[in-house]
Amino acid sequence: AVTRSATVFVSYLAATANDCAREAGHKTITTTDVTKALEAVGLGDFVDRLRADLDAHIQLVNDKKHSAARHKEAEDEADEEQEEVEDGDSEPDVEEDDAVQPAEDPMDVDDSDGEDPKRMRTE
């Protein structure tokens, strides 16, 4: 019974918030639309608590993001330090630009007329 009641309440509140969003001229339901819907259905007393809970949730999400970013930065710094230690003991890496390239095959020369040079002309 509680689950059914909660489902009906949330559906009713969402429909009312959707109406508020349409009246405001936008398609997406925002927090402002939800607070207006709460006031419209006679539950304006919950608006302050809802805003406080929303602010706490946003703060928690931001803290998690910042914590994850700091953790990633620390891992990246540790990886760079490990690479520097490993690079000091080994031979220098040869970059692709510095590598010796094989000589061009004379048959691969472009005639610059757009045709394949290996294909014979039949004129």
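Only the coordinates and a few stated rules stand behind these numbers; no lab work does. Predicted model only: the values in this text are computed from it and were never measured. So basically every Cβ, Gly included, is an ideal-geometry build from the backbone, and we count neighbours across all protein chains shown.
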Only Lys, Arg (+1) and Asp, Glu (-1) charged, at Cβ; the stretch 1-92 dipole about Cα centre in debye: 1780
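Tally Lys and Arg at +1 and Asp and Glu at -1 over the other residues with C-beta under 12 Å from the C-beta of residue 36: what net charge comes out? Write out the running numbers ahead of the final one.
Values: positive: 22; negative: 19, 23, 33, 39.
Neighbourhood net charge equals -3.
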Theoretical FRET efficiency, 1/(1+(r/R0)^6), r = Cβ-Cβ of residue 65 and residue 26, R0 35 Å, to 0.05: 0.85
